[in-house]
Amino acid sequence: MGMTDPVADLLTRIRNASRARHESVEVPWSRIKEGITRVLVEEGYLQEARKVKAKEGAGEQLHIQLKFDKENNPIILGLRRVSRPSLRIYVGAKKIPPIRKGLGINILSTPKGILVDREAQKAKVGGELLCSVW
């Protein structure tokens, strides 16, 4: 049976691995997952994300290196899926809500690609509000 929400699966795997203090996690590759992890790396929430060949079977995997502080606490305190397959949430460039009074980020799927909320506002594009990270 196929997966109904691959983005939620990605966020859950990252959340679980960081809470269990794993150094890395692997997820099945897709363009949207690669875009989300690219934004998380650029924003400093993840150390690295790269596409690798799968060890078993066909397809490719996304190898994600998690990031921790000096006391070995995860950098990512929370991840939340906002728009989901049963209820899509779309926002305009001026209506993007702040996360934790500006201490978190929203990740959006826009016509210009997957962007963080600041870049979407700067480019004056809205889109689907995929997830929130703090």
## Note on the structure
Going from the fewest other Cβ atoms within 10 Å to the most, one would list Arg88, Arg38 as Arg88, Arg38
### Query
Could you give the dipole magnitude of segment 6-66 about its Cα centre, charging the beta-carbon of Lys and Arg +1 and that of Asp and Glu -1, in debye to the nearest 20?
80 debye
### Task
Would you work out which of Gln121, Ala58, Ile14 lies farthest towards the positive end of the dipole of the chain? Charges go on Cβ: Lys and Arg +1, Asp and Glu -1.
Gln121
### Task
Over the chain, consider all pairs of different Cα atoms and compute the Kirkwood hydrodynamic radius from their mean reciprocal separation; express it in Å, one decimal.
15.4 Å
### Query
Cross-link partners among lysines for Lys55, C-alpha distance below 23 Å, same-chain residues fewer than 8 apart left out?
Lys33
#### Entry: Separation of the His63 and Thr12 label points, Cα + 7 Å toward Cβ, nm
2.5 nm
### Message
Can you give me the angle between helix 31-42 and the longest principal axis of the chain, using Cα atoms only, in degrees from 0 to 90, rounded to the nearest 10?
### Response
80 degrees
#### Entry: Size of charge dipole - segment 60-134 - debye, nearest 20, with Cβ of Lys, Arg +1 and Asp, Glu -1, no other charges
380 debye
#### Entry: Three-way shape call for segment 79-133 based on the alpha-carbon gyration tensor, with the a/c threshold at 1.5
oblate
### Query
Which aspartates and glutamates does Lys94 reach when only Cα atoms under 18 Å apart count, and residues fewer than 8 places away in its own chain are ignored?
Asp117, Glu119, Glu128
### Query
Are any of the pairs Lys70/Lys112; Lys53/Lys124; Lys53/Lys112 more than 30 Å apart by Cα-Cα distance, and if so, which?
Lys70/Lys112; Lys53/Lys124
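We did not get these values from a lab; they are worked out from the coordinates using the rules stated. On a predicted model such as this, the values are computed, not experimentally measured, just so you know. Please note: Cβ atoms are built from the backbone with ideal geometry, for glycine as well, and neighbour counts cover all protein chains shown.
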